[in-house]
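The values are calculated or read from the model by the stated rules, or taken from the named source; none is laboratory data. Just so it is clear, the structure is predicted and the values come from calculations on it, not from any experiment. We place every Cβ from the backbone using ideal geometry, glycine too, and count neighbours over all the protein chains shown.
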Amino acid sequence: MFRRTTPTPATATDVSELLRRPDKPQPYRFWLRWLDVIGGRRDGRRGLAGTLEHGYQLTPDQTTWLRHNTHRHTERVHSETVRHDALALALHQEADALPGKIKDAKKTLRDARAALAALPQAPPQPEQRRATETHTPAAVVTDRRTREHHATVLAPAQAKVTAAEQALTVLRARRREIRATLTALQAVHTQRTGRLAEYHARRAHAYERAYLRRIAGTPHDTTT
């Protein structure tokens, strides 16, 4: 069982790298196929599978070679699963914390909007003059008080609303991003494990075909 840890830049890089380069099909090279065929013929000559009780075919655990191939396949799939889970768990941890953060961000936004709505939209005494404005026209004085009220009262409250809106937007975007990343990670995991299954199935098929041809007396065939 994995203990969830705080996401780190390295974890993010690993996820990005995995999604950018999920993997290429593993080549089943000629020399390895040839070795598998040789192994099948050798074991067939020795009759290591014993009596074929399931028809003219082998089961995955009927010879040491087949058991090793199955074990190696299981081992590699487990390794891929461990890697996937290690990357996904950090994202799950962050996703688990997001609902609470979004709830708090919504409350902050509601409070900021309420505070802004409670403020007077105009200065309480727009005609009030300062000592230096004795001879200043009334319209100019009113305009100054209005601008001062906006700068010192309304603008800071509006800035809090804007900041709260942006914070909520960022959290929601991150939630969508995490969901998409987890979906993509699962798709990559399925793809990689599927390719491993195909690779080991091809090896088993080459071995089994050579084994059965050997016990049937069919000439050597390295193109299986």
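Things to note:
- Applying a threshold of 9 Å to beta carbon distances and a minimum spacing of six or more residues, or different chains, the list of pairs starting in region 126-148 at a residue that is of a type in the set (Ser, Thr, Tyr) and ending at one that is at pLDDT 75 or above and surrounded by 10 or more Cβ atoms within 10 Å (Cβ to Cβ) reads 142/123; 146/122; 146/123.
- Flag if residue 140 is more than 30 Å from residue 60 (Cβ to Cβ), exposed (fewer than 12 other Cβ atoms within 10 Å of the Cβ) and among the β-branched types (Val, Ile, Thr): yes
- Pairs meeting the criteria (first residue in region 195-212 and more than 22 Å from residue 80 (Cβ to Cβ) and among the basic types (Lys, Arg), second residue modelled with pLDDT under 90 and buried (at least 16 other Cβ atoms within 10 Å of the Cβ), beta carbons under 9 Å, at least 6 apart or on different chains) are 209/40; 209/224.
Every residue, every condition in (1) surrounded by 13 or more Cβ atoms within 10 Å (Cβ to Cβ); (2) closer than 22 Å to residue 198 by Cβ; (3) of a type in the set (Lys, Arg); (4) at pLDDT 95 or above, yes or no:
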| site | (1), (2), (3), (4) |
| --- | --- |
| 13 | no, no, no, no |
| 40 | yes, yes, no, no |
| 44 | yes, no, no, no |
| 84 | yes, yes, no, no |
| 99 | no, no, no, yes |
| 104 | yes, no, no, yes |
